[in-house]
Each structure stands twice: as structure tokens, then as C-alpha cells.
1. Scan segment 33-86 for residues that are touching a His at 6+ places or on another chain (Cβ under 8 Å) and exposed (fewer than 14 other Cβ atoms within 10 Å of the Cβ) and jot them down.
2. Only one of (1) of a type in the set (S, T, N, Q); (2) modelled with pLDDT under 90; (3) under 30 Å from Ile34 (Cα atoms); (4) surrounded by fewer than 15 Cβ atoms within 10 Å (Cβ to Cβ) is not met by Gln92, so which one is it?
3. Which ones in segment 23-63 are touching an Asp or Glu at 6+ places or on another chain (Cβ under 9 Å) and either more than 25 Å from Pro91 (Cβ to Cβ) or among the charged types (D, E, K, R) (or both)?
4. Which residue, of Ala45, Ala41, is within 27 Å of Ala96 (Cα to Cα), outside any helix (DSSP H, G or I) and of a type in the set (Gly, Ala, Ser)?
5. Filter segment 19-38 down to residues that are of a type in the set (Val, Ile, Thr), farther than 16 Å from Arg86 by Cβ and at pLDDT 95 or above, then give me how many there are.
6. Return only the number of the condition from (1) among the basic types (Lys, Arg); (2) part of a helix (DSSP H, G or I); (3) surrounded by fewer than 16 Cβ atoms within 10 Å (Cβ to Cβ) that Lys131 does not satisfy.
7. Just to check your reading of the model, which residue among Leu136, Leu74, Leu53, Leu65 is under 30 Å from Glu168 (Cα atoms), of a type in the set (A, V, I, L, M) and either assigned to a helix (DSSP H, G or I) or not assigned by TED's automatic domain parsing to the domain that holds Ala156 (or both)?
8. Here are Glu83, Glu122, Glu103: which of them is part of a helix (DSSP H, G or I) and at pLDDT below 90?
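The values are calculated or read from the model by the stated rules, or taken from the named source; none is laboratory data. The structure presented is a predicted model; accordingly, all values stated were derived computationally and were not measured. Virtual Cβ from ideal backbone geometry, glycine too; neighbours counted across all protein chains shown.
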Amino acid sequence: MTSALPKAEPRFAKLIAYARAMAPVLDRHTYYEILDVPQTADLAAIRAAFYRLATDLHPDRYHTLPDAAVREQLSTIYARMSEGYRVLTNPQRRAAYDKSLTEGKTRYVSTDRERKGPQNPEDALQHPEAKKFFRLGMIALGGKDWKGAVLNFKFARNFEPDAQVIGEKLSEAETGLKALGK
């Protein structure tokens, strides 16, 4: 019987064997086990382990593998490894994760959605027209078109007169307009 690996794939043999062995039992392993570090590992050790593993497991390394199932297994393992790295390098998440390990959980579960970047002030508005004019006002404000900003923020305020964010930006635009002496 011939090998299932094409001739060009011997360099992937260890990786394929690892994927086939690890993927079925991945959910049984803790982040520490996946990263191959002790639970007492410091930040530097965790970082070093992650980068050592990422050298082989990053999707760019095996995207030419002809076996889609193995590529999917490796992607899943890499994603779990990255998840573990993000959890173990954050002190609050790591503490919560370590506590959950005593309950038999191998993955970190957060009930709070983490904020990514600053909140868009437009999200505080409900009325679609208020949002539209607020957005136009913000564009004008960014371009230092004070008159256009004042006009658009006043239009937005007509649709949501009690919205604090509109009042703040209108005040900012009016201050800019006054500075110009108009």
C-alpha cells in the first residue's frame, strides 16, 4: 500500500501525526497542557512556549497541505493555543481560569463581553435620522467645518432633543465657530 502523503509532504509528517493525535482529545487538555508549561509558569515562559509552538502550528505554515481535514484540525489546535495564550497572559483571566480548573473546566468562559476600543458615540442614539445627522456632524467636526457641524448636530437634536452626546458635540462645534468669529 502506498503512503497517503504525497512525495512533497514528508516535512509535514510530524505535524499531521500531531494533529491526528491531539485534535480528538483537545477538549480534555488545559491551556497549560496545550502550551506545554507548568501551572506555575511566569509570563515569559508562557510567551516563549506560545511562540515556539506557533512556529510550527501557525496556519501559514501548513496551508498547502492537501488534506482539508488535517488543516482544519491544525487550525482548531492553533485557535485553542491562541485562546490559552490570551487567557494565561492576562492576570484577571488567568486567576478566573485557574479557579475554573478546580471545577473541572478546561476552557475559560467569560460572561462579560470585552470592549474592543472606544465606544462609538453614535451608538447612544436611537432614531435613525438622529444617527445620520450626528454622523454628518462628526465628519464636519473632524474637518473643522464648524458651521456644517453645528447645522448637522442641530438637525440631530431635533430627532433626539435629550441626547447628551448631541448636546456635547453641538457645544464643541459652536465653540469652534465662535473662535472663528462667525
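1. none
2. (2)
3. Within segment 23-63, Ala23, Arg52, Tyr62 meet the criteria.
4. Ala41
5. Number of matching residues: 0.
6. So Lys131 meets the others, but not (3).
7. The match here is Leu136.
8. Being part of a helix (DSSP H, G or I) and at pLDDT below 90 holds for just one of Glu83, Glu122, Glu103, which is Glu122.
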